[in-house]
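The values are calculated or read from the model by the stated rules, or taken from the named source; none is laboratory data. Every value quoted in this text rests on a predicted model; they were computed, and no experiment measured them. Positions of Cβ are generated from backbone atoms using ideal geometry, with glycine treated the same way; all protein chains shown enter the neighbour counts. With ligands, DNA and RNA removed, areas are computed over all heavy atoms of the protein, side chains included. Shrake-Rupley method; radii C 1.70, N 1.55, O 1.52, S 1.80 Å.
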Amino acid sequence: GQNIDQPTEMTATEGAIVQINCTYQTSGFNGLFWYQQHAGEAPTFLSYNVLDGLEEKGRFSSFLSRSKGYSYLLLKELQMKDSASYLCAVRGLIGNTPLVFGKGTRLSVIA
Amino acid sequence: GAGVSQSPSNKVTEKGKDVELRCDPISGHTALYWYRQRLGQGLEFLIYFQGNSAPDKSGLPSDRFSAERTGESVSTLTIQRTQQEDSAVYLCASSGYRGENYGYTFGSGTRLTVV
């Protein structure tokens, strides 16, 4: 079966750092994605990990441990505009097979 | 086109009516996906098209749901005899077989409300 878990909600302060965790159990693994979704808008691609380790892209970094079935998204120097839902998604097999999404983590950035 | 286009953006329909949702993917993208997102929930996979191969319909929740796509062009998702539990945002995404990490580009979605 496929199971992806992430916290439902998180709150963090403007300028701070926040880490959003994602654990997964899937039949096969060929990559983990993070998407950002602002309220009422479509999800937009943030990051992709297929090998263990940290991928850094500006203020956002994503980490993957395949042996632990674990990933996190790290957001630095938080801004109010980072308030959004963050979706973890896993591709179970090679090619273009459909991503399986977690339920998302709603992040609220407060002043 | 430059992005994934979905229409209509909003649809209110009476229970029992049929609705048709349209998705126009990015030109050249071979793969097209439909997902459903209920209020406050994650994305639920519905159906996947890859080129001219038979679609993966494993996520369709009932036989009231169907979808078509001709080649690598527009797709339509049809919901027959709509029920209130069908109320959700229906998202379409496309990806190129050798696109950036096979990542998806989503359309803005169709918000369906069944009253």
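Within the stretch A:32-59, the set of residues being in a strand (DSSP E or B) and closer than 30 Å to B:Arg111 by Cα comprises A:Leu32, A:Phe33, A:Trp34, A:Tyr35, A:Gln36, A:Gln37, A:Thr44, A:Phe45, A:Leu46, A:Ser47, A:Tyr48.
Results for (1) more than 21 Å from A:Gln36 (Cβ to Cβ); (2) in contact with a Gly (Cβ under 8 Å, 6 or more places away or on another chain), shown as yes or no for each residue.
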position: B:Thr30; (1), (2): yes, yes
position: B:Ser53; (1), (2): yes, no
position: B:Ser58; (1), (2): yes, no
position: B:Ala93; (1), (2): no, yes
position: B:Ser108; (1), (2): no, no
position: B:Val115; (1), (2): yes, no
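With a requirement of 2 or more residues that are touching a residue at least 12 places away in the same chain (Cβ under 8 Å) and open to solvent by 60 Å² or more (accessible area, probe 1.4 Å), the strands (runs of 3 or more DSSP E) lying completely within the stretch B:1-79 that satisfy it span B:10-13, B:19-24.
As a summary of the residue check, A:Lys103 satisfies the conditions (1) open to solvent by 40 Å² or more (accessible area, probe 1.4 Å); (2) outside any strand (DSSP E or B); (3) away from chain B (no Cβ under 12 Å) except for the one numbered (3). Scanning the stretch A:19-28 finds one or more residues that are crowded, with 19+ Cβ neighbours inside 10 Å, touching a residue at least 40 places away in the same chain (Cβ under 8 Å), on the phi < 0 side of the Ramachandran plot and not hydrophobic (A, V, I, L, M, F, W, C).
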